[in-house]
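Single-structure report; data block below.
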Amino acid sequence: MAQDTSIRKAQTRDKSGKGPARRLRAQGLVPAVCYGPFDKTPLMVAVDPEALTKAIATPHKFNTVLTLEVDGQTRTVLFKDYEKDPVDGHILHVDFLDVRMDQDVVVNVPVVLTGKPVGVTEGGILQQVSRALPVICKPAQIPEKIEVDVSNLNIAESIHISDIKPPEGVRFKTNVIKNATIAVVNIPEKEEVAPTPAAAVPGTEAAVAGTAAAPGAPGAAPGAPGAAPGAPGAAPAAGGAAPAAAPAKGGGADKGGKK
């Protein structure tokens, strides 16, 4: 689709760096640079950020062709790069690319998928791999978007750049992206079912506990070596008194008394 150029005024600046850039922003302007294959020396300019935002409020967005008026001269440019404030999103710096309306340029154009794939109705998952494609065309022929119909994609099928017909006057820069994948319908992942724990048999837990502490276990139950009553080295009988010694045979004590 052909597009009209938007004319915006710009003023030259002779200083670069953070200090001059801050002073420009304090005046409500944004530092910018124009460069390209036609002029060896980049041109430093300052532009109105609000006017610039309005100028690119088109379906082409950053691919909108702009005409800058600088000191009575005009330059046809495209956005090449820009820097935005991470907090409020305001434009902080802009790089413009000088272009000629009769010469090809390379720009990235957004890809828009259309239709509902057959594979999605069967449970597949559509994944868009390429969000933009580099194209070669005249500035006035830059398309707003590249529409790709994915209605015929089945599960595990994909569509590539070689399957797409570019708009009139446009060709894909295939030496950079080769046969890039645009979209694919992935196979749905199977849900893993957690194994059901075996039901406990009533009484097994008590039986296991009783086995662990059953009498006769070494070092635990009565009767173990070194612990049973009467064993060598065992504790004396209850009451703390040692059992009386058996009388000597023949009654020696009595004989002493008769003397």
>> As an exercise: evaluate THR41 against (1) farther than 29 Å from LYS15 by Cα; (2) of a type in the set (S, T, N, Q); (3) not in a strand (DSSP E or B) and give the number of the one condition it does not meet.
In response: (1)
> Is there a residue in segment 67-83 that is assigned to a helix (DSSP H, G or I), open to solvent by 20 Å² or more (accessible area, probe 1.4 Å), at pLDDT below 95 and not polar (S, T, N, Q)?
Replying inline: no
> Which is within 36 Å of the chain's Cα centre (by Cα) and closer than 19 Å to CYS137 by Cα, of LEU78, LEU52?
Replying inline: LEU78
> From the residues in segment 147-161 that are more than 26 Å from the chain's Cα centre (by Cα) and not charged (D, E, K, R), which one is most open to solvent (accessible area, probe 1.4 Å)?
Replying inline: ASN152
> Mind checking whether some residue in segment 84-94 is in contact (Cβ under 8 Å) with a residue 12 or more places away in the chain and either out of contact with any strand residue (DSSP E or B) (no Cβ under 7 Å at 6 or more places or on another chain) or at positive phi (or both)?
Replying inline: no
> For the subset of segment 170-200 comprising residues that are in a loop (DSSP other than H, G, I, E, B), modelled with pLDDT under 95 and within 30 Å of LYS138 (Cβ to Cβ), which member is least open to solvent (accessible area, probe 1.4 Å)?
Replying inline: ALA180
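Looking at segment 110-133, can you tell me whether even one residue there is part of a loop (DSSP other than H, G, I, E, B), open to solvent by 60 Å² or more (accessible area, probe 1.4 Å) and in contact (Cβ under 8 Å) with a residue 40 or more places away in the chain?
Among the residues of segment 110-133, at least one is part of a loop (DSSP other than H, G, I, E, B), open to solvent by 60 Å² or more (accessible area, probe 1.4 Å) and in contact (Cβ under 8 Å) with a residue 40 or more places away in the chain, which makes the answer yes.
The values are calculated or read from the model by the stated rules, or taken from the named source; none is laboratory data. Worth saying up front: this structure is predicted, and the values here are computed from it rather than measured. Here Cβ is always computed from backbone atoms with ideal geometry, including for glycine, and neighbour counts include all displayed protein chains. Surface accessibility is based on the protein's heavy atoms, side chains included, excluding ligands, DNA and RNA. Shrake-Rupley method; radii C 1.70, N 1.55, O 1.52, S 1.80 Å.
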